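Readers should treat all values here as calculations from the given coordinates under stated rules, not as data from a laboratory. This is a predicted model, so every value here is computed, not measured. Cβ placement follows ideal geometry from the backbone for every residue including glycine, while neighbour counts extend to all protein chains displayed.
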């Protein structure tokens, strides 16, 4: 049969092609991760070796960079980590609370001017934060909140991170409508419906929100830079920034050690929640 | 990704032709819905719309945070475009960055999505690896790493040295190359648009490819006539999203240049200059004017994209 005759060379070509694809993907993957891996290895090297050794093979392992780095700034890094964890934890609670309430209303309830509010919601997702940052600064200054964590946390309890509202809304919409009808007939009001029925079913979207909130808040630099001035309140990224003082010359070993530590929480959340992150991006197109 | 509202149940519709008043249930639902919306509406007024209006007003004032704002009409805007060379530089740097890094990033994303969409072994692993940098791209740690990698004695130059290329220039310290390192950083974060492309590719019906096989279409033909048109709405979506992100890039430029936008203003991103003016010199009226100009620019580019999309985005037969 002609089909079988033709299939033998074709599989050979296909195998060759798949080999090339694999080689290209592998090369790219290694290339992309190389700087990160090199930073990790360099954090375990002496400073003079960092500049001369571009390989990933550790010759001698030293933990001294971690010890120097940990106490290199005014406060030990435990302080900065604790600060960052406090802000991220509060931010997660805030986003889960405010965004789920709003998303529930948009996804499951009917109300007046809904198309208008939906347009406003989507508009705010695209709004650059720079447009509101100066007046926010003035508001928080009036309230006496400057140099506290309140400007970083409180807005999140009011659903300012509209992406997450959108993410949860998309998810809640996919829950069958019949559930609402049945619950309604059983005399279950909207509040119980939100808390007992919809919220438990929205768990994947809530998890995605929690993970993204953690990573974005953890990495956030712009807002802390504006609102925090006291060094005892610094977040991890702000503390890292102190290392790259152009006038003092950079102790790369120590910076790398602390940079590696600062990326570990993000990396852990990425590993643990990869499935949620990828689903979240696929459905909403988040960052 | 559809933004269409869920279909309303006709039997409960508040505007039934034979009734003037909305049903009792709708009125109750409406009340409860607004109750649920209270936090968001308060936040909207307090942290978004209120500040937007305030920022618009402040953009027409001379305001330094200490003294009361002085109304100067459009002077800030005039100053931007006629008397402030650094402003024009920052606009040019950002425009260059957006125009170069976004197509590069999306090109990588599309290429890799096409490769990973084939049923190859380990594609989930590759997907994870390519996605990871998207989560790290705006972190201070990675910006610091970039500063070292592209520094005078950095990883790149050491590699080049091994290859026999004697490169003693600092890539981040040279005004001609500093911006390129940031473009590379943005291209490095192609993972998240790639994931969106992958999700889009899954939606392309296999039957189309099978039909094309029967007609004897080659791989290029299939890509150009099936994959690309059906993926064009996703390409468009990614383009809009990543353009808006790129306009707002801040952290890498801030870290690599030590907050200055140097060398020779070559990494003076728009947002970085805005930060310098608003929170460095406390020229807050001017910073607000810059922010509003940014908003208008982002809006204009988005609108332009929507306009051009009519000519290349394919939404299927029924729309």
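Computed from the mean reciprocal separation of all distinct C-alpha pairs, what Kirkwood hydrodynamic radius does segment B:271-319 have, in Å?
Across segment B:271-319, the inverse of the average 1/r is 13.0 Å.
Sort the following peptides by mean Cβ neighbour count (other Cβ atoms within 10 Å, averaged over residues), highest first: B:26-39, A:208-221.
A:208-221, B:26-39
What is the distance in Å between the Cα centres of segment B:254-319 and segment B:197-214?
Rounded to whole Å, the Cα centres lie 37 Å apart.
Starting from the alpha-carbon convex hull of segment B:57-188, give the projected area averaged over all orientations, in nm².
Reported value for the Cα convex hull: 13.0 nm².
Express in nm, to one decimal, how much length is gained between residue B:117 and residue B:207 on full extension, taking 0.36 nm for each residue of separation and deducting their alpha carbon distance. It would help to have the intermediate numbers written out before the result.
Details: separation 90, 0.36 × 90 = 32.40 nm, distance 1.60 nm.
Here the segment from residue B:117 to residue B:207 would lengthen by 30.8 nm.
When every alpha-carbon pair in segment B:163-319 is counted, what percent end up more than 18 Å apart?
Numbers: 8702 of 12246 pairs.
Distances greater than 18 Å cover 71 percent of the Cα pairs.
Simple spin-label model, 7 Å along Cα-to-Cβ: residue A:126 to residue A:175 in nm?
Distance between label points: 3.0 nm.
In nm, to one decimal, how far is the modelled label at residue B:224 from the one at residue B:86, with both set 7 Å along Cα→Cβ?
Using points 7 Å along Cα→Cβ, the separation is 5.0 nm.
Give the Rg (one decimal place) followed by the Dmax (whole number) of segment B:165-209, computed from C-alpha coordinates and expressed in Å.
Using the Cα atoms of segment B:165-209, the pair Rg, Dmax is 18.7, 56 Å.
Counting each pair of different Cα atoms once, what's the Kirkwood radius of the protein assembly as shown in Å, rounded to one decimal?
Value: 26.5 Å, from the Cα pair sum.
Hey, what D do you get for segment A:83-184 in µm²/s if you plug the Kirkwood alpha-carbon radius into Stokes-Einstein at 10 °C and 1.306 mPa s? Mind dumping the intermediate values first?
Numbers: Rh = 15.3 Å.
Once the numbers are plugged in, D ends up at 104 µm²/s.
In segment B:116-147, which residues have a backbone nitrogen under 11 Å from the label point lying 7 Å from residue A:24's Cα in the Cα-to-Cβ direction?
Backbone N within reach: B:116.
What full-extension length gain, to one decimal in nm, is calculated for residue A:97 and residue A:184 as 0.36 nm per residue of separation minus the Cα-Cα distance?
Working it through step by step, the gained length comes to 29.0 nm.
What is the pair-distance distribution P(r) of segment A:67-284, computed from all Cα-Cα distances in 5 Å bins starting at 0, with each bin given as a whole percent?
1, 6, 13, 15, 16, 14, 12, 9, 6, 4, 2, 1, 0, 0, 0
Which FRET efficiency value, to the nearest 0.05, do you get for residue B:56 and residue B:160 by plugging their Cβ-Cβ distance into 1/(1 + (r/R0)^6) with R0 = 51 Å?
Between residue B:56 and residue B:160 the formula returns 0.55.
Counting C-alpha atoms alone, how compact is segment A:182-274: give Rg to one decimal and Dmax as a whole number, in angstrom.
Calculated on Cα positions, Rg and Dmax stand at 20.9, 71 Å.
Given R₀ = 41 Å, what would the calculated FRET efficiency be for residue B:66 paired with residue B:31, taking r from the Cβ atoms and rounding to 0.05?
Given R0 = 41 Å and the Cβ-Cβ separation, E is 0.35.
Just how many % of Cα pairs in chain B lie over 35 Å apart, if you round to the nearest whole percent?
42 percent
Which distance in nm do the two modelled labels at residue B:214 and residue B:177 give, with both placed 7 Å along the Cα-to-Cβ direction?
Output for this residue pair reads 5.6 nm.
For residue A:13 and residue B:167, what is the calculated FRET efficiency with R₀ set at 45 Å and r taken between the beta-carbons, to the nearest 0.05?
0.65
Which whole-angstrom value gives the distance between the alpha carbon centres of segment A:217-268 and segment A:56-114?
For segment A:217-268 versus segment A:56-114, the Cα centre distance is 13 Å.
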